[in-house]
């Protein structure tokens, strides 16, 4: 009994660490972005941390991840790296892609973080191809592909889901649904009421939740992975969240008129970071312990940023290196 309690506490702490790392890293991006040191668009995941942390914690080391331009959270949750991450955002030679890829195309395939892309739905068929290869190789890897609700408006999503179901591929389709595709609400785009009800017509496993509780998302994903491997079927996960900031950039955008500040207020009442922190406080009864963890994460991020800012930019003659064409 005591062992199970300790394991639950350790899991809760690990999930909190991932979420706090994501939140703080992106708040640092908000701090440096106005200084023009990050010379690229950024799509922040503040408010979304429970999905990134919960899903990535449930995935195994060997499993693969594909994502979209809103990729900071899943990268940090999967790799725990901050130095190469910030070096890429600052455009430095020491970055993940020598400063050439930037925020929207982060990748670290050696760590299972395969690729992300700025083109909506573009990594979905690539992820299906990877899952097909894994099935052929019988290597027991699962592929997880993250995308927004806007991606289900693209034909390639349905084609990919159909192929994955036909071939019974080991893949998790993870729809991060914040109800908006940039500024367009889901009611203005979908001629149906429920994404999940449509995907249930396919020969795949379906899971849906609107929770911002990271532990519930973790447990749901663990179940999805277990069922995927047991029944040899792809999985569609429909996970709701709320994007606190504008589609691209570092500010709030309620003055644009497409969504209300009250909508944000209602979601913020169940902020994933606050929920998990309060849970840990109720269990541990030791805020000093949590403050120490938060301080360590802050120091790690600050150190990474300082090192990255001091690193060199790639030279002009490196522009065409590692660029491939036919």
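The values are calculated or read from the model by the stated rules, or taken from the named source; none is laboratory data. Values in this document were obtained by computation on a predicted structure and should not be read as measured data. Please note: Cβ atoms are built from the backbone with ideal geometry, for glycine as well, and neighbour counts cover all protein chains shown.
For every residue, the table says whether it meets (1) under 30 Å from residue 215 (Cα atoms); (2) at pLDDT below 95; (3) touching a helix residue (DSSP H, G or I) at 6+ places or on another chain (Cβ under 9 Å); (4) crowded, with 16+ Cβ neighbours inside 10 Å.
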{"residue": "272", "(1), (2), (3), (4)": "yes, no, yes, yes"}
{"residue": "279", "(1), (2), (3), (4)": "yes, no, yes, yes"}
{"residue": "287", "(1), (2), (3), (4)": "yes, no, yes, no"}
{"residue": "295", "(1), (2), (3), (4)": "yes, no, no, no"}
{"residue": "300", "(1), (2), (3), (4)": "yes, no, yes, yes"}
{"residue": "314", "(1), (2), (3), (4)": "no, yes, no, yes"}
{"residue": "317", "(1), (2), (3), (4)": "no, yes, no, no"}
{"residue": "321", "(1), (2), (3), (4)": "no, yes, no, no"}
{"residue": "324", "(1), (2), (3), (4)": "no, yes, no, no"}
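I want to confirm something. Restricting to the stretch 128-153 and keeping residues that are buried (at least 17 other Cβ atoms within 10 Å of the Cβ) and either out of contact with any helix residue (DSSP H, G or I) (no Cβ under 8 Å at 6 or more places or on another chain) or at pLDDT below 95 (or both), which single residue is farthest from residue 182 (Cα to Cα)? So the residue we want is 134.
Within the set 74, 65, the sole residue that is under 10 Å from the mean Cα position of the chain (by Cα), modelled with pLDDT of 95 or more and not in a helix (DSSP H, G or I) turns out to be 65. Out of all the residues in the stretch 273-289, which are without any contact (Cβ under 8 Å) to a residue 60 or more places away in the chain and either closer than 22 Å to residue 82 by Cα or outside any helix (DSSP H, G or I) (or both)? Within the stretch 273-289, 285, 286 qualify. The set of residues in the stretch 17-37 that are outside any helix (DSSP H, G or I) and surrounded by 19 or more Cβ atoms within 10 Å (Cβ to Cβ) is empty. Annotation: of all residues in the stretch 185-206 being outside any helix (DSSP H, G or I) and touching a residue at least 40 places away in the same chain (Cβ under 8 Å), the one that is nearest to residue 227 (Cα to Cα) is 204.
Out of 248, 214, one residue alone is surrounded by fewer than 20 Cβ atoms within 10 Å (Cβ to Cβ) and either within 23 Å of residue 142 (Cβ to Cβ) or touching a strand residue (DSSP E or B) at 6+ places or on another chain (Cβ under 9 Å) (or both). It is 248. What about residue 95, is it farther than 28 Å from residue 232 by Cβ, crowded, with 23+ Cβ neighbours inside 10 Å, over 17 Å from the mean Cα position of the chain (by Cα) and at pLDDT 95 or above? It is true that residue 95 is farther than 28 Å from residue 232 by Cβ, crowded, with 23+ Cβ neighbours inside 10 Å, over 17 Å from the mean Cα position of the chain (by Cα) and at pLDDT 95 or above.
Considering 220, 229, 161, 166, the condition of being farther than 13 Å from residue 142 by Cβ and out of contact with any helix residue (DSSP H, G or I) (no Cβ under 8 Å at 6 or more places or on another chain) is satisfied by 166 alone.
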